Amino acid sequence: MRNPVHCFLPPHVVDRLAESPDADIRRDASNTKEVGAAARATRALYQSMPAMAAIPSPMAQRYRLVYDMEQRRFPLPGKLRRSEGQDPSGDPAVDEAYDYAGDTYDFYLKVLKRNSLDGHGMTLVSSVQYGVRINNAFWNGEQMLYGDGDGHLFARFTKARDVVAHELTHGVIQFTANLEYANEPGALNEHFADAMSAVVKQWKLGQDVRNADWLLGDALMLPGAGIRSLRTMTEKKAYENHPLLGTDPQPKHLKDRYTGDDDYGGVHINSGIPNHAFYLAAREIGGSSWEKLGPIWYKALLALTQYSNFHEAAVATLNAAGEGTTEQKAIKQAWKAVGIEV
């Protein structure tokens, strides 16, 4: 279980699409599965030796390279379309990948004082238009890969700032706690990517925690999709009784956690539990998520290890908040509300 590829679209969604009565949707789901499987070997190598993945940047500062795969899957990274400081290319996928990678870099540097994913100015490499009608975005351990979506349910995966921030945060996790991608550590891996992507989105848009929608991947959904987002950190379901996707399986309380073997022990499913704790803490603290709660969660991530579980993550957030602070009280209450006593 140490060699899955990090991807935004959960396996349970792809599996449901693979059962669609529509042949085109089944074909696209099959292609998406195949692409994910092909990326695993690369991701496994770099997670086992993270330093190998860090391509240094000139002057150890923000440096983005965006390539176009022109609907091919190899060889990576493709044709260079835009590099740091260049004017927009005119291709929406190229320019979104460039801009949103910049937003993520700027957030980590300006808010959390972290210089790129590795902390030392790592170059941010992206390849867009990866494969044909691929429904996903991937962090492969070294760079970003973006599919164009199927044009039926999903738009191009560069379109969502939070998707870009989510996947790049998997890179930050790789260079810090390097949480094992299975069971509770894997759910925490997905959770920290979700939490920080929500904070990046709110930071860039200047949203207060009470004005934010707390939706994940909403910009991906086309009008005909019939759902607003793929995940939500609120108490609600992101979607229910959808003709293709069914009902959002994410639990909001530990008692409802998934205990099967699918999705590497439910890493995309059980992440809903700490996600909801983060949301509850943010609402209780109020204000801007990037001012207090985001930095607390980042500090907690730095204190975790490869096999940390939910309880250990909760303890780390309390320690990061500081003894006796109002933030610590709110965070403790939030974890208790999702069934984790600390």
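Derivation of every value follows stated rules applied to the coordinates shown; laboratory data play no part. As the structure is a prediction and not an experimental result, all values here were calculated from the model. In this analysis, Cβ positions are derived from the backbone assuming ideal geometry, glycine residues included, and neighbour counts consider all displayed protein chains.
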Can you compute 3J(HN,Hα) from phi for each residue in the stretch 274-279, using the Karplus curve 6.51 cos²θ - 1.76 cosθ + 1.60 with θ = phi - 60°, rounded to whole Hz and x for Gly and Pro?
x, 4, 5, 4, 4, 4
Test item: Cα-centred dipole of the chain, Lys/Arg +1 and Asp/Glu -1 on Cβ, debye:
400 debye
Ranked from highest to lowest mean number of other Cβ atoms within 10 Å per residue, what is the order of the peptides 192-201, 155-164?
192-201, 155-164
Output ordering of 332-338, 216-222 (per-residue mean of other Cβ within 10 Å, highest first) is 216-222, 332-338
According to the square roots a ≥ b ≥ c of the eigenvalues of the Cα gyration tensor, what is the shape class of the stretch 183-337, taking rounded for a/c under 1.5, prolate for a/b larger than b/c otherwise, and oblate for the remainder?
oblate
Where a ≥ b ≥ c are the square roots of the eigenvalues of the C-alpha gyration tensor, would you call the stretch 6-174 rounded, which needs a/c under 1.5, or, failing that, prolate if a/b is larger than b/c, or oblate?
prolate
In whole Å, how far is the Cα centre of the stretch 195-218 from that of the stretch 225-303?
13 Å
With θ set to phi - 60°, apply the Karplus curve 6.51 cos²θ - 1.76 cosθ + 1.60 along the stretch 290-301 and write out the HN-Hα couplings as whole Hz, x wherever there is a Gly or Pro.
7, 7, 10, 5, x, x, 5, 5, 5, 4, 5, 4
Over 23 Å (Cα to Cα) among K110/K236; K299/K332; K79/K110; K113/K252; K292/K332; K159/K204 -> K110/K236; K79/K110; K113/K252
So who's got an amide H within less than 5 Å of the one on A238, skipping anything under 5 residues away but keeping other chains? H placed 1.01 Å off N, in plane.
T232, D248
Is the shape of the stretch 58-152 best called rounded, prolate or oblate, per the rule: a/c under 1.5 gives rounded, else a/b larger than b/c gives prolate, else oblate, with a ≥ b ≥ c the square roots of the Cα gyration tensor eigenvalues?
prolate
Given an 8 Å cut-off on Cα distances and at least 6 residues of separation, report the relative contact order of the stretch 6-174 as a percent.
26 percent
Amide H contacts of H6 (H built 1.01 Å from N, under 5 Å, at least 5 apart or other chain)
W139
Packing rank of 224-236, 78-90, 282-294, 135-147, where each peptide gets the mean count of other beta carbons within 10 Å, highest leading:
135-147, 282-294, 224-236, 78-90
Over the chain, what relative contact order in percent results from Cα pairs under 8 Å that are six or more residues apart?
16 percent
Karplus (6.51, -1.76, 1.60) ³J(HN,Hα), θ = phi - 60°, over the stretch 109-126, in Hz, Gly and Pro reported as x
6, 6, 8, 9, 6, 10, 8, 6, 5, 8, x, 10, x, 3, 5, 9, 9, 10
Amide H of R82 versus every other amide H placed in the peptide plane: which residues, excluding those fewer than 5 positions away on the same chain, fall under 5 Å?
V66
Among DSSP bridges having both ends in the chain, what percentage is antiparallel? Round to the nearest 5.
65 percent
Per the helix-only model, the chain has a calculated mean residue ellipticity at 222 nm (DSSP H runs of ≥4, -39500 (n - 2.57) each, divided over all residues, rounded to the nearest 500) of -13500 deg cm²/dmol
Alpha carbon convex hull of the stretch 170-256, volume per residue in cubic angstrom:
129 Å³
